[in-house]
1. Show me the trypsin sites (Lys or Arg not before Pro) within the stretch 8-73 that DSSP assigns to loop and that have at most 12 other Cβ atoms within 10 Å of their Cβ.
2. Roughly how tilted is helix 65-74, in degrees to the nearest 10 and between 0 and 90, from the longest Cα axis of the chain?
3. Neighbour counts of other C-beta atoms within 10 Å: give me LEU184, LEU35 arranged from fewest to most.
4. Within the chain, which is the longest segment that contains none of the GluC sites (Glu not before Pro) sitting in a DSSP loop with at most 15 other Cβ atoms within 10 Å?
5. Could you go through the stretch 108-124 in sequence order and give the Karplus-derived ³J(HN,Hα) for each residue, using 6.51 cos²θ - 1.76 cosθ + 1.60 with θ = phi - 60°, rounded to whole Hz, and x for Gly and Pro?
6. Rounded to the nearest 20 Debye, what is the dipole magnitude of the stretch 1-63 about its Cα centre when Lys and Arg each give +1 and Asp and Glu each give -1 at the C-beta?
7. Output ³J(HN,Hα) for the stretch 45-59: one whole-Hz value per residue in order, computed from phi by the Karplus curve 6.51 cos²θ - 1.76 cosθ + 1.60 with θ = phi - 60°, and x for Gly and Pro.
8. Grab the beta carbon distance between ARG83 and LYS107, set R0 = 30 Å, and tell me the FRET efficiency rounded to 0.05.
Amino acid sequence: MIAQLAGTVLSVRASTAVVEVGGVGMLVHSTPATLSELRVNHETRFFTQLVVREESLTLFGFTAESERDTFEALQSVQGVGPRLALAMLAVHSPDSLSRAVADGDRKALEQVPGIGAKVAARLLLELGGKLSLPQGPASPQVPDARDQVEEALVALGWNQKAAAAAVENVAPDPIADSDVPMTLKSALKAMGGVRG
């Protein structure tokens, strides 16, 4: 299996490029967007999948590993071969394909020439969980100690609803453990000593 190759671009056509690797010109099939970035006589690197058929060996290449992985996942669906998988990546990025599958967006898949309602439905059914959704920046988890403040107010004689409202009033954002005493003091002050 040829997983990746790096070499000099010898020629670029509408759907293929020839890349010289160790003196051998490798014909690589790819998307129009990827091919448009290549420059003759410049170095390039492809993440590849070699598709073996009885009568041929065809090499498909992508500049991003996520594209190659999506290309492989698409072919796991019955009725989707390498040509159709490549057409899908010509229309959609891996991220937009993942989002379409996660959202059950059949219309987005049907934008690809060669994909009708039946194939789109099969893609949605069989690709669930196989395509990874784009990861946004992870938001740090801030511990929230508002329960401690509310419990303290209830212990001092206020009802749960009034305690929760008072804490929300003085601290709309998450409360750190170290801020519990100060938040409790602020809540007591805001409540003015009137028990509900």
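We did not get these values from a lab; they are worked out from the coordinates using the rules stated. In this text, all values refer to a predicted model and were calculated from it rather than measured experimentally. Counting neighbours? That spans all protein chains shown, and the Cβs are built from the backbone with ideal geometry, glycine included.
1. Values: sites: ARG13, ARG39, ARG45, ARG53, ARG68; in loops: ARG13, ARG39.
Answer by residue number: ARG13, ARG39.
2. With rounding to tens, the tilt is 80 degrees.
3. Numbers: LEU184 22, LEU35 19.
Least to most surrounded, the residues fall as LEU35, LEU184.
4. Values: sites that count: GLU37, GLU54, GLU55.
Answer - 56-196.
5. 4, 5, 6, 5, 7, x, x, 10, x, 4, 5, 5, 4, 5, 5, 4, 4
6. Values: 4 positive and 5 negative charges, 24 e Å.
Value, rounded to 20: 120 debye.
7. 9, 10, 8, 10, 9, 9, 9, 9, 10, 4, 9, 7, 10, 10, 9
8. Numbers: r = 22 Å, r/R0 = 0.73.
Taking R0 as 30 Å, the efficiency between ARG83 and LYS107 is 0.85.
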